[in-house]
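To start, the structure under review is shown below, and the notes come after it.
The values are calculated or read from the model by the stated rules, or taken from the named source; none is laboratory data. Every value quoted in this text rests on a predicted model; they were computed, and no experiment measured them. No Cβ is skipped: glycine too gets one built from the backbone with ideal geometry, and neighbour counts run over all protein chains shown.
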Ligand SMILES: Cc1cc2nc3c(=O)[nH]c(=O)nc-3n(C[C@H](O)[C@H](O)[C@H](O)COP(=O)(O)OP(=O)(O)OC[C@H]3O[C@@H](n4cnc5c(N)ncnc54)[C@H](O)[C@@H]3O)c2cc1C
């Protein structure tokens with residue numbers, strides 16, 4: 001059986017039949033609506049309500065939530081396929097799904113039963129929205145540097161601090177805020193703050209390069225009173241709840257970047273078939289074939305790594321965080337390179353605004369920065385490798401003492 005698509009469906013065929021149908025449903029939506037509308041949606045950086053409502057109506061937002069609150073509890077092996085399909089045509093759609101993980105995961109994992117009953121059905125159906133407030137003016141890559149404080153009171157906490165780059169700040173009903181206890185700074189906490197809480201201010205949206213349709217803004221919290229019932233998890237669990245949300249969002253970033261890279265190769269390869277230079281189609285020049293060969297080979301390798309990570313997540317493997325860092329690093333750096341090369345291959349055509357690669361090029365950059373910059377993931381992977389190397393079995397070709405005693 002041959003695949004009609006340039007990139008084969010080998011990973012899709014590995015899914016159970018019901019999950020394959022879900023992906024086919026997403027694929028049909030991409031072909032009929034999300035793809036054709038993507039350029040229009042990304043013209044302005046205002047929240048893409050219509051796209052979000054469509055994704056909610058079609059049950060795609062629900063894939064992030066447990067069944068008992070209306071979700072589908074989709075495994076990561078399915079979610080990466082869904083996000084890849086969305087990323088292939090429309091970064092806005094893909095980021096609305098990965099962003100749902102980022103903003104709602106701490107509520108799924110850490111909210112009380114009563115709070116979950118109150119919020120999760122609405123978040124799942126798209127009637128409510130949440131935002132995730134971790135990054136601060138003084139703490140981005142170094143999240144342990146958070147300065148937002150939680151002061152204990154008889155009823156709960158007073159939160160004071162500033163957050164920046166917060167996606168969906170202009171539309172969210174509830175905000176997950178992460179900080180540290182004022183009197184015991186080693187204790188991280190997370191809590192839910194409603195949009196209309198006294199002392200809570202949200203800035204106007206801040207302009208950015210790409211990822212239009214999911215705007216960002218800053219938050220200012222001055223003695224914002226939060227009842228104990230709105231704390232997520234226990235005191236001291238704020239950091240691990242944030243890491244749990246980031247883990248899922250990182251896997252999503254990798255899937256989105258790979259989807260976009262696949263789309264870019266498809267566009268460049270089609271151009272190489274149609275455009276002729278120096279008397280023959282572009283795709284018959286060896287230099288162009290080699291560029292395309294590098295792209296397709298590296299994208300397939302990266303998809304295999306991501307499929308491995310998704311399985312590790314679904315199995316609950318203890319090394320999934322390091323592998324998620326590898327997949328995000330590999331897929332997002334690759335996407336930037338592939339999109340750059342695809343744009344180069346399409347010449348002046350690729351540079352124009354009515355051609356998708358201009359948008360892909362602007363969108364690709366954030367995947368290398370958000371949810372941990374590539375350099376930070378290299379540090380995570382490298383640190384883990386060195387730690388494990390100390391305890392690892394020695395290579396059989398090494399003699400005792402032969403490493404540093406010469
Ligand atoms: C569009 C957008 C949406 C976002 N949405 C959210 C959101 O919803 N919620 C939220 O909390 N945050 C959000 N963020 C924040 C995002 O997660 C941070 O931007 C990211 O973690 C990097 O932090 P920073 O920008 O402060 O970079 P910095 O920490 O200032 O780092 C700058 C650069 O330095 C390099 N670097 C940093 N540390 C190291 C190191 N140890 N070794 C080598 N190089 C290093 C990296 O290249 C990095 O890009 C968003 C950001 C953007 C741009």
Look through 334, 343, 366, 357 and report the one residue that is in a helix (DSSP H, G or I), surrounded by 18 or more Cβ atoms within 10 Å (Cβ to Cβ) and within 16 Å of the ligand (Cβ to nearest atom). 366
Test each condition in (1) in contact with a helix residue (DSSP H, G or I) (Cβ under 6 Å, 6 or more places away or on another chain); (2) not in a loop (DSSP other than H, G, I, E, B) for residue 95 and report the one that comes out false. (1)
Looking at (1) within 22 Å of residue 65 (Cβ to Cβ); (2) outside the structural domain of residue 343 (by TED's automatic domain parsing); (3) in contact with a strand residue (DSSP E or B) (Cβ under 9 Å, 6 or more places away or on another chain); (4) within 16 Å of the ligand (Cβ to nearest atom), which one does residue 189 not meet, given that it meets all the others? (1)
The listed residue being free of Cβ contacts under 8 Å to residues at least 60 places away in the same chain and surrounded by 15 or more Cβ atoms within 10 Å (Cβ to Cβ), out of 276, 302: 302
Counted residues in the range 206-241 being out of contact with any helix residue (DSSP H, G or I) (no Cβ under 6 Å at 6 or more places or on another chain) and closer than 23 Å to residue 92 by Cα come to 9
Failed condition for residue 371, given (1) touching a helix residue (DSSP H, G or I) at 6+ places or on another chain (Cβ under 6 Å); (2) on the phi < 0 side of the Ramachandran plot, with all others met? (2)
Scan the range 169-198 residue by residue and report those that are buried (at least 22 other Cβ atoms within 10 Å of the Cβ) and assigned to a loop (DSSP other than H, G, I, E, B). 169, 172
When both residues are 6+ apart or on different chains and their Cβ atoms are under 6 Å apart, which pairs have a first residue that lies in the range 202-225 and is free of Cβ contacts under 8 Å to residues at least 40 places away in the same chain, and a second that is assigned to a loop (DSSP other than H, G, I, E, B)? 202/169
Just to be sure before I move on: is residue 386 within 16 Å of the ligand (Cβ to nearest atom), over 22 Å from the mean Cα position of the chain (by Cα) and either assigned to a loop (DSSP other than H, G, I, E, B) or over 21 Å from residue 81 (Cα atoms) (or both) in the structure I sent? yes
Across the range 118-168, the tally of residues that are assigned to a loop (DSSP other than H, G, I, E, B), within 9 Å of the ligand (Cβ to nearest atom) and without any contact (Cβ under 8 Å) to a residue 40 or more places away in the chain stands at 5
Scan (1) within 16 Å of the ligand (Cβ to nearest atom); (2) part of a helix (DSSP H, G or I); (3) closer than 26 Å to residue 244 by Cβ for the single condition residue 304 breaks and write down its number. (1)
Is the range 206-229 home to any residue that is more than 30 Å from residue 304 (Cα to Cα), assigned to a helix (DSSP H, G or I) and not assigned by TED's automatic domain parsing to the domain that holds residue 98? yes
Look at the range 291-321 and say how many of its residues are in contact with a helix residue (DSSP H, G or I) (Cβ under 7 Å, 6 or more places away or on another chain) and on the phi > 0 side of the Ramachandran plot. 0
